[in-house]
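The values are calculated or read from the model by the stated rules, or taken from the named source; none is laboratory data. Everything quoted here is computed from the prediction, not taken from an experiment. Please note: Cβ atoms are built from the backbone with ideal geometry, for glycine as well, and neighbour counts cover all protein chains shown.
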Amino acid sequence: MRKPMIAGNWKLNKTIAEACELSSDLSKCLANFEEVDIVIAPVFTSLTAVAATIKNTPIKLAAQNCYPEESGAFTGEVSPLMLKDAGCEYVIIGHSERRQLLEETDSFINQKMIKTLEAGLKPILCIGETLQERENDEMLNVLATQIKGGLANLSATQMSDVVIAYEPVWAIGTGKTATDEQAQEAHSFIRGLLQGMFTQEVAFATRILYGGSVKPTNVDGLMAQADIDGALVGGASLKAEDFIRLVRFEKA
Ligand code: 13P
């Protein structure tokens, strides 16, 4: 069975001291919690300091982005190898904020996926439709394009290290969560795409997280859906109490 994952995307928040305070609080409260994969993604500058606070706990470290080269003349960028060196196990790739604000394309995202896997890190590939795309009935096409583009040239073996996050753009930071049914419909469609691209085994084994205004008040219903294997959380991951409640979800 797929082990649930609750991942906190801290986005552009928290100084090193603030990040360490939050990760230390999480470490204390979740020290022996093994039922769920717990992941936190601070900003680059906090990674090594946070890595020290979660050492010997089940909490795993993620970066929010990477550049698809190992090293070289790429001013301002950080490579997957460097993220691994800083203590990361996961990297969030293709977040909608980067797709929109920095115009990241599926082929650039695909390069990041490949380099991340080559470095021995596990990518969390984010996909999701905008409100306009949903209203124009383009949702399934958009999801298919993003999945096919993002996962192009990956092998079935590599897929065992890949996590997908379905994050409808209209639900991010808006307080408007997809309903349990809307999220399940998208997740089931994505799993079908994985079966078409790879194998039934890959489709069954790949974790698909939901993201977009996940809160203590709605996590239990979402996690009860057959194809929802976890959550990628922004706002509610910035407060220890809320994030711990998400990690300790109870299927409704
Ligand atoms: P919110 O939980 O703040 O809506 O953000 C979701 C998200 O973008 C996680 O990557």
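Taking residues in the range 181-200 that are at pLDDT 95 or above, and partners anywhere that are surrounded by fewer than 18 Cβ atoms within 10 Å (Cβ to Cβ), the pairs with Cβ atoms closer than 7 Å and at least 6 places apart or on different chains are Gln184/Ala226; Phe189/Leu140; Leu193/Ala144; Met197/Lys148; Phe198/Ala156; Thr199/Ala156.
Among the residues of the range 7-47, not one is part of a helix (DSSP H, G or I), in contact with a Ser or Thr (Cβ under 6 Å, 6 or more places away or on another chain) and within 16 Å of the ligand (Cβ to nearest atom).
Residues are listed down the side, and each one gets a yes or a no for (1) crowded, with 18+ Cβ neighbours inside 10 Å; (2) farther than 17 Å from Val162 by Cα:
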{"residue": "Asn56", "(1), (2)": "no, yes"}
{"residue": "Leu61", "(1), (2)": "yes, no"}
{"residue": "Pro80", "(1), (2)": "yes, no"}
{"residue": "Met139", "(1), (2)": "yes, yes"}
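Within the range 133-154, count every residue that is part of a loop (DSSP other than H, G, I, E, B) and among the polar types (S, T, N, Q). Total satisfying the criteria: 2.
Taking into account only those residues within the range 214-240 that are small (Gly, Ala, Ser) and surrounded by fewer than 20 Cβ atoms within 10 Å (Cβ to Cβ), which is farthest from the ligand (Cβ to nearest atom)? Looking at residues that are small (Gly, Ala, Ser) and surrounded by fewer than 20 Cβ atoms within 10 Å (Cβ to Cβ), I get Ala226. Out of (1) surrounded by 17 or more Cβ atoms within 10 Å (Cβ to Cβ); (2) of a type in the set (Lys, Arg); (3) without any contact (Cβ under 8 Å) to a residue 40 or more places away in the chain, the odd one out for Lys176 is which? For Lys176, the exception is condition (1). Among residues of the range 91-119 that are under 21 Å from Ile40 (Cβ atoms), those with a beta-carbon under 9 Å from a residue that is part of a helix (DSSP H, G or I) and among the hydroxyl-bearing types (Ser, Thr, Tyr) at least six positions away or on a different chain give the pairs Val91/Thr116; Ile93/Thr116. Exactly one residue out of Leu151, Leu194 is of a type outside the set (Ser, Thr, Tyr), away from the ligand (no atom under 11 Å from the Cβ) and closer than 23 Å to Gln64 by Cα, and it is Leu151.
Restricting attention to the range 231-249, does a residue exist that is free of Cβ contacts under 8 Å to residues at least 60 places away in the same chain, of a type in the set (A, V, I, L, M, F, W, C) and within 20 Å of Met1 (Cα to Cα)? No: zero hits.
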